[in-house]
Amino acid sequence: MSAPVPPAPLIIPCVDIQSGRAVRLYEGDPERETVYFDSPLDAARHWVERGAGLVHLVDLDAATGRGENREVIRQITSELGVPVEVGGGIRDREAAEDLLRAGVHRVVIGTAAVRNPQLVADLIAAHGPERVVVSLDARGLEVATHGWAQGSGVNVAELTPGLADAGLELLIFTDVTRDGTLKGLNRELMRQVRQLWINTLIVGGGVANMDDVRLLQEERIEGAIVGRAIYEGTLAYPVILES
């Protein structure tokens with residue numbers, strides 16, 4: 001009897017917001033941007049019109065300490081009509097809860113999960129694991145922080161046990177070296193992270209085409225956050241994976 005086919009991975013459109021516009025960065029470098037939409041709301045609506053049931057928003061200015069786009073995010077949250085998750089510069093409980101009060105479906109904690117792990121536990125205890133996500137952005141398995149500008153010296157393997165103990169159910173892992181490059185996923189790295197995290201895993205960084213979607217399925221990774229590939233059409237959206 002053959003093994004059951006793993007379920008198709010969820011592909012989540014990403015809207016990266018910098019200086020009030022929807023952009024994509026190459027390897028996370030704010031100076032190497034491509035502008036896809038002048039209005040992030042239009043970008044988000046574009047994917048919802050094509051069937052997206054969840055949109056991933058990133059406030060790049062907040063992540064790098066160069067400003068913030070909170071009003072734009074509030075507008076998207078109130079007008080889009082589907083759940084949004086938001087990351088970028090959420091480094092304390094006040095910032096996270098301000099977004100949750102504004103109607104954000106779940107907040108994505110990055111740097112603060114490394115610097116202040118108790119914040120993740122406190123937010124999960126207060127709001128439930130369905131409202132809190134941790135994003136570990138890494139070069140190899142070393143976590144990068146502050147908008148990917150700094151290496152933390154911390155390995156992903158050092159963080160995952162504590163995050164699981166805190167009640168975290170969904171982890172996002174991004175391969176910084178491939179994000180926005182269309183180079184394809186690093187299979188061995190994806191496999192290593194899959195082994196380190198037993199709960200729901202969403203990945204990013206380099207998704208280029210259907211080969212990467214099939215890789216996700218083969219490695220039993222639940223989904224991916226995708227930007228450039230769907231904006232530029234190297235991966236058709238919605239993604240239809242043939243059985």
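The values are calculated or read from the model by the stated rules, or taken from the named source; none is laboratory data. On a predicted model such as this, the values are computed, not experimentally measured, just so you know. In this analysis, Cβ positions are derived from the backbone assuming ideal geometry, glycine residues included, and neighbour counts consider all displayed protein chains.
Could you count how many residues in segment 161-182 are modelled with pLDDT under 95, among the small types (Gly, Ala, Ser) and over 14 Å from the mean Cα position of the chain (by Cα)?
0
Starting from residues that are among the polar types (S, T, N, Q) and within 14 Å of the chain's Cα centre (by Cα), keep the ones in segment 92-141 and report whichever is surrounded by the most Cβ atoms within 10 Å (Cβ to Cβ).
So, considering only residues that are among the polar types (S, T, N, Q) and within 14 Å of the chain's Cα centre (by Cα), the one surrounded by the most Cβ atoms within 10 Å (Cβ to Cβ) is Ser135.
Could you tell me how many of the residues in segment 40-62 are β-branched (Val, Ile, Thr) and buried (at least 20 other Cβ atoms within 10 Å of the Cβ)?
Qualifying residue count for the region: 2.
Can you say whether Asn199 is polar (S, T, N, Q) and farther than 30 Å from Gly103 by Cα, as far as the supplied structure shows?
Considered against the rule, which asks whether it is polar (S, T, N, Q) and farther than 30 Å from Gly103 by Cα, Asn199 comes out as no.
Among all residue pairs at least 6 apart or on different chains, which show Cβ distances below 7 Å where the first residue, located in segment 186-215, is assigned to a loop (DSSP other than H, G, I, E, B) and the second is of a type in the set (Ser, Thr, Tyr) and buried (at least 20 other Cβ atoms within 10 Å of the Cβ)?
So the pair list comes out as Trp197/Thr160; Gly205/Thr174.
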